[in-house]
1. Does any residue of the range 26-33 turn out to be in a helix (DSSP H, G or I), in contact (Cβ under 8 Å) with a residue 40 or more places away in the chain and surrounded by 13 or more Cβ atoms within 10 Å (Cβ to Cβ)?
2. Please enumerate the residues belonging to the range 35-71 that are more than 9 Å from the chain's Cα centre (by Cα), closer than 25 Å to residue 7 by Cα and surrounded by 14 or more Cβ atoms within 10 Å (Cβ to Cβ).
3. Report whether or not residue 7 is part of a loop (DSSP other than H, G, I, E, B), in contact (Cβ under 8 Å) with a residue 60 or more places away in the chain and on the phi < 0 side of the Ramachandran plot.
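Each value in this text was obtained by applying a stated rule to the coordinates, not by laboratory testing. This one's a predicted model, so the numbers in the text were calculated from it and none came from an experiment. Cβ sites come from the backbone with ideal geometry, for glycine too, and all protein chains shown count toward neighbours.
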């Protein structure tokens, strides 16, 4: 697969988006764990809401990056 400099840059930017999405999900899990396991209902609910929001954001970032990686690979092959 031969990539032009523009395609190569687009590929790495997309890979960074995938990595950022995974990191958001990972750190979202770690940062909301104390809230989700808290004995109070309000704190637990807040932890679950924050966790869901961070997972959605991370998944969105990773999906955008993955779509760009695939598009770059398909463009390079044709």
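1. no
2. If the condition is that a residue be more than 9 Å from the chain's Cα centre (by Cα), closer than 25 Å to residue 7 by Cα and surrounded by 14 or more Cβ atoms within 10 Å (Cβ to Cβ), then 66, 68, 69, 71 are the ones that fit.
3. Spelling it out, it is not the case that residue 7 is part of a loop (DSSP other than H, G, I, E, B), in contact (Cβ under 8 Å) with a residue 60 or more places away in the chain and on the phi < 0 side of the Ramachandran plot.
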